[in-house]
Amino acid sequence: MHRSGLVLLASVLLLTGRPSTGLAQRYAAERRAEQEIRAARARSNRAIAAHDTAALAAGWAPDFHVVTSVSQQAGRDENALAFGRQFVDRPDVIYVRTPDSVRVWTPWGMAAEYGHWRGKWTSDGRTIEIGGPYFAKWQTTGGRWLILAEIFSPGWCRGGAYCETRP
């Protein structure tokens, strides 16, 4: 739960000595949703590690949209194909997205995930490592939390010519 929710819950407890039923239910729902989103992100990371584009795309909403670290934009199917090409062109590629915070708004079934990402692969015998911040917008669809949009920005890169000019 984000700070404002905790402050509100603490205020209710101080004033009444017990949590408001509605507030306690909302807090519990937000905690469950955050856990579900973090579990979905872990599944996404495992799918990338396994180079499983079907499992990866299963976590995206039908109208998913991504802006990559090199500012390419793609929808769900196009992004799955792009990952498939990377898995062939870079057999050792790995990306890991690590949530720093997840803020859930249960009344609308939406959430914001802020985090950092890292990528690694071999090119021309050199290890390329890259990473930076990302943002993901989640929504509930059919009772599941799915990613509606992701935006990745580069923050650092090292290891070879790939890092010297924008691809």
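What to note about this one:
To keep it simple, each residue is scored yes or no on (1) closer than 20 Å to Ala29 by Cβ; (2) surrounded by fewer than 15 Cβ atoms within 10 Å (Cβ to Cβ); (3) at pLDDT 95 or above; (4) of a type outside the set (Val, Ile, Thr).
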site: Arg103; (1), (2), (3), (4): yes, no, yes, yes
site: Ala112; (1), (2), (3), (4): yes, no, yes, yes
site: Lys120; (1), (2), (3), (4): no, no, yes, yes
site: Tyr134; (1), (2), (3), (4): no, no, yes, yes
site: Gly142; (1), (2), (3), (4): yes, yes, no, yes
site: Ile151; (1), (2), (3), (4): no, no, yes, no
site: Ala161; (1), (2), (3), (4): no, yes, no, yes
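- Long-range neighbours under 8 Å by Cβ, at least six apart or interchain, first residue part of a strand (DSSP E or B) within the stretch 134-159, second of a type in the set (S, T, N, Q): Tyr134/Ser153; Trp145/Gln139; Leu146/Gln139; Leu146/Thr140; Ile147/Ser44; Leu148/Gln139; Phe152/Thr68; Phe152/Ser69
- Within the stretch 143-163, the set of residues being more than 9 Å from Gly131 (Cα to Cα), among the small types (Gly, Ala, Ser) and in contact with a strand residue (DSSP E or B) (Cβ under 6 Å, 6 or more places away or on another chain) comprises Ala149, Gly159, Gly160.
- Any hit, the stretch 102-124, residues being touching a His at 6+ places or on another chain (Cβ under 8 Å), within 19 Å of Arg46 (Cα to Cα) and part of a strand (DSSP E or B): no
- When Ser71 is tested against (1) at pLDDT 95 or above; (2) assigned to a helix (DSSP H, G or I), just one condition goes unmet, and that condition is (2).
- Qualifying residue in the stretch 89-99 (condition: among the β-branched types (Val, Ile, Thr), closer than 16 Å to Pro154 by Cα, outside any helix (DSSP H, G or I) and touching a Gly at 6+ places or on another chain (Cβ under 6 Å)): yes
- Subset of the stretch 57-96 (residues that are out of contact with any Ser or Thr (no Cβ under 8 Å at 6 or more places or on another chain), touching a residue at least 60 places away in the same chain (Cβ under 8 Å), hydrophobic (A, V, I, L, M, F, W, C) and surrounded by 15 or more Cβ atoms within 10 Å (Cβ to Cβ)): Trp60, Phe64, Val66, Val67
- Pick from the stretch 30-53, criterion free of Cβ contacts under 8 Å to residues at least 24 places away in the same chain and aliphatic (A, V, I, L, M), ranking: farthest from Glu78 (Cα to Cα): Ala39
- Enumeration of residues in the stretch 44-56 that are under 24 Å from Pro167 (Cα atoms) and buried (at least 19 other Cβ atoms within 10 Å of the Cβ): Ile48, Thr53, Leu56
- Flag if Pro167 is outside any strand (DSSP E or B) and either of a type in the set (A, V, I, L, M) or farther than 19 Å from Thr68 by Cα (or both): no
The values are calculated or read from the model by the stated rules, or taken from the named source; none is laboratory data. Everything numeric here is computed off the predicted structure, so don't read it as measured data. Neighbour counts run over all protein chains shown; Cβ positions are idealised from the backbone, glycine included.
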